[in-house]
1. Let me have the relative contact order for region 1-79, percent, based on Cα pairs under 8 Å that are six or more residues apart.
2. Sum -39500 (n - 2.57) across every DSSP H segment of at least 4 residues in the chain, then divide by the residue count to get the 222 nm mean residue ellipticity, nearest 500.
3. Which of PRO45, PRO98, PRO61 moves most in a GNM of the chain, Cα contacts under 10 Å?
4. In nm, give the distance between the simple-model label positions of GLU152 and THR113, each being 7 Å from the Cα along the Cα-to-Cβ direction.
5. Convert each backbone phi in region 112-124 into a coupling constant with the Karplus relation 6.51 cos²θ - 1.76 cosθ + 1.60 (shift: θ = phi - 60°), then list the ³J(HN,Hα) values in order as whole Hz, x for Gly and Pro.
6. Choose one answer from ASN114, ASN21, ASN12: the residue with the largest mean-square fluctuation in a GNM of the chain with alpha-carbon springs under 10 Å.
7. Find how much the distance from ASP70 to ALA8 grows on full extension, using 0.36 nm per residue of separation minus their present alpha carbon separation; answer in nm with one decimal.
8. Going by amide H atoms built from the backbone, whose H comes under 5 Å of the H on LYS79, apart from near neighbours?
Amino acid sequence: MNRMTLTAKGDNEILVTRVFNAPRRFVFEAFTKPELIRRWLFGPPGWSMVVCETELRVDAPYRYVWRHEDGRQMGMSGKLVEFVMDEKLVSTEKFDEPWYPGEAMSTVLLEETNGVTTLTQTIIYESKEIRDAVMKTPMEQGMAMGYDRLEELVASMV
């Protein structure tokens, strides 16, 4: 199985890499189509995505809400800043009940070689202190779970 790597970069960035055994257009679709996003981006066991509103258009807002089986909810909103079809997504993110202050900017780049896609995601925070605090949370395990589900999803699309 492909493993995700998550490392601190520069003063206020996190760099995430993951290889998927699928064409990048499938990975891109899984990041941009609500019916596919719901199948992999739902967090640890007990959570589900109850709201997934997104549109592939620059400046389009998006909204995600997750609910735990015990009733807790977590919401996140942002906007799509830039995209290049099948290659790049740049978006902002801000949580309803922030577990870190301010807003983050995420850039996802997809490169394909012989039907295998390498995802490189850079998340930029407003300060080094915020980035360091985020690095101490279970974010890495949660992202790895999601990307493992994404691997299964895109493999089923081939």
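1. This gives 17 percent for region 1-79.
2. Mean residue ellipticity at 222 nm (helix-derived): -7500 deg cm²/dmol.
3. Between PRO45, PRO98, PRO61, it is PRO45 that shows the largest mean-square fluctuation.
4. Calculated label separation equals 2.9 nm.
5. So the J values, rounded to whole Hz, are 10, 9, 6, x, 10, 10, 9, 9, 10, 10, 10, 10, 10.
6. Maximum among the listed residues: ASN114.
7. Gain on extension, ASP70 to ALA8, equals 19.0 nm.
8. Here the answer is TYR62, THR92, since their amide H atoms fall under 5 Å of that of LYS79.
Only the coordinates and a few stated rules stand behind these numbers; no lab work does. These numbers come from a predicted model, not from an experiment. Every residue, glycine as well, gets a Cβ built from its backbone with ideal geometry; the counts of neighbours run over all protein chains shown.
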